[in-house]
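These notes concern the structure reproduced below.
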Amino acid sequence: MSCPEIEHGVAAYLDGELDLTSTLAFERHLGECPDCARALAREEALREAIGRAGLRFTPSPEQTRRLRRAVHTLGDSARPAAPRWPAVWRAPGGAWRLQALAAMLLVAIASWSLGRFGAPRLAPDDMAEEVVASHVRSLLAGHPADVASTDRHTVKPWFTGRLDYAPAVVDLAGQGFPLAGGRLDYLAHHPVAALVYRADRHVVNLFTWPAAYSADHAGPTPAALTRQGFHVVHWTAAGMTYWAVSDVAEDRLLRFAHLLAAGAPP
Amino acid sequence: MLSSIRDRLFRQDGRHRFEQAVLPHLDAAYDLARWLTRNDTDAEDVVQTACLRALQFFDGFKGVNARAWLLTIVRNTFYSWLEQKGRGGSGGEIAAPFDEAIHSGEGATTDPEMELLRRADGRLLRQAFEALALPFREVIVLRELEGLSYKEIAAVAGIPVGTVMSRLARARRQLQEFLIAHGVKEGAP
């Protein structure tokens, strides 16, 4: 281990933590330094083995249920100053007022939720934010797929009659990205297809719609960005726009995107 | 009366914001807790406690990176849990020795070793991860299984980025050495 680059250079290169200049410099260095080239080959072999092994632990369905319930219960006190009910609740003869209050509450909550979910809360020009918000909503619900199936011949026809276009549904199970199902979502002011995949046991949402919906200018090469800790990869192909979102490692999501971009039917 | 309605709405809003921050990252929280505790039940307990703590700290959360925020709390919860669990070997867990003498094998990287790395199966890899001391296990889990960037790992583990890099490098070296050593043993007829 003579080369000083081995300790940090190799790993940073592998982890995609180098900027463009350093990447090019390191690639030049790789050509001249057999030690680093060998170290990189080993680290790549290790990473592939880790990727294949499916080491991520996921909670069992019962555990998930318990944990979600706990979060839901906890959330009730998510505001520090817990409200104290006014005397009206306990006042004798206050029953009718109580009912009136309950009715008002209902109306208030209903209109508030309408306002909350009905109105666009995000700047419409940042589609990435919207896409991440949709991804998060699908996770909040706990069941990201309306049609849960690993078979693309089940998922694809499910969209027929629900959308004005037919989304391409590709099975990538052989490449480590099994299909988990599909869902209708609403983005770019249209109902759109959300395909659910798994990558290293992480949920991936792939949103796809005709590029005309969002006047998209993205190129055919998948480009990555990050929003709120989620990775987003975006590209267009054959008049369709694609957005993949997940919390899986960025290089895995890019690989997923490249596989789709390469195999997208015309 | 109006104030009670307002309070109720705030409560709803608080719950919504809290769920939105925590629920999408429950799987990541569980994965980290499971690798740290090495046990299903303890992992669930740690995540439950972490959610409670997350609620207590929720006002301080700026809403930028909920995943790194929650994972930080899970990690801290785990270490307090470990401390509470008492002396029962926990000190050894944190400072699990890494025998530099055995593992300092310089150079001598041959193709058969590459082959062993490539062929390593899930069971052996799992053992290799479990054999790592905590400071190395946590960074490699955050990087390889949860896909965090160096900066995010530094924030979660409360260490400088340089330390993240050297711990990752050491973790990977130990994994390779474990796989090669045990791969040879198992591969031998």
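Quick rundown of the values:
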read-out	value
Residues being in a helix (DSSP H, G or I) and more than 18 Å from A:L46 (Cα to Cα) - total across the range A:3-22	4
Residues of the range B:38-72 that turn out to be more than 15 Å from A:L55 (Cα to Cα) and touching a residue at least 24 places away in the same chain (Cβ under 8 Å), as a count	21
Exclusive hit being in a loop (DSSP other than H, G, I, E, B), at pLDDT below 95 and either within 13 Å of chain B (Cβ to nearest Cβ) or more than 22 Å from A:D251 (Cα to Cα) (or both), set A:A133, A:A224, A:A218, A:A123	A:A123
Residue in the range A:151-169 that is touching an Asp or Glu at 6+ places or on another chain (Cβ under 6 Å) and over 28 Å from A:D126 (Cα atoms) present	yes
Boolean, A:A110 is at pLDDT 90 or above and not acidic (D, E)	no
Test result for A:R65, over 30 Å from B:F57 (Cα atoms) and at pLDDT 90 or above	no
Inter-residue pairs, beta-carbon under 9 Å, first within 9 Å of another protein chain (Cβ to nearest Cβ) and within 18 Å of B:L36 (Cα to Cα) and in the range B:111-134, second part of a helix (DSSP H, G or I) and of a type in the set (S, T, Y), 6+ apart	none
Any hit, the range B:49-70, residues being in a loop (DSSP other than H, G, I, E, B), modelled with pLDDT of 90 or more and more than 8 Å from chain A (Cβ to nearest Cβ)	no
Test result for A:A25, in a helix (DSSP H, G or I), small (G, A, S) and facing chain B (nearest Cβ under 8 Å)	no
Tally, over the range A:211-224, of residues that are out of contact with any Asp or Glu (no Cβ under 8 Å at 6 or more places or on another chain) and surrounded by 15 or more Cβ atoms within 10 Å (Cβ to Cβ)	6
The range B:130-170: number of residues that are within 22 Å of A:A49 (Cα to Cα), among the hydroxyl-bearing types (S, T, Y) and assigned to a helix (DSSP H, G or I)	2
Condition met for A:R252 (crowded, with 17+ Cβ neighbours inside 10 Å, in contact with a helix residue (DSSP H, G or I) (Cβ under 6 Å, 6 or more places away or on another chain) and not polar (S, T, N, Q))	no
Per-region count, the range B:142-170, residues closer than 22 Å to A:R252 by Cβ, more than 10 Å from chain A (Cβ to nearest Cβ) and among the small types (G, A, S)	3
Residues within the range B:1-40 that are more than 20 Å from B:Q56 (Cβ to Cβ), assigned to a helix (DSSP H, G or I) and at pLDDT below 75, tallied	7
Lone qualifier among A:G9, A:G54 - being touching a helix residue (DSSP H, G or I) at 6+ places or on another chain (Cβ under 7 Å) and farther than 30 Å from A:H143 by Cα	A:G9
Every residue from the range A:40-53 that is under 25 Å from the mean Cα position of the chain (by Cα) and surrounded by 15 or more Cβ atoms within 10 Å (Cβ to Cβ)	A:R47, A:A49, A:I50, A:G51, A:R52, A:A53
Count - residues of the range A:188-208 that are of a type in the set (A, V, I, L, M), touching a helix residue (DSSP H, G or I) at 6+ places or on another chain (Cβ under 6 Å) and at negative phi	1
Subset of the range A:239-255 that is of a type in the set (A, V, I, L, M) and outside any helix (DSSP H, G or I) - its residue that is nearest to B:D27 (Cα to Cα)	A:V248
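The values are calculated or read from the model by the stated rules, or taken from the named source; none is laboratory data. What you see is a predicted model, and the numbers here were worked out from it, not measured in a lab. Cβ sites come from the backbone with ideal geometry, for glycine too, and all protein chains shown count toward neighbours.
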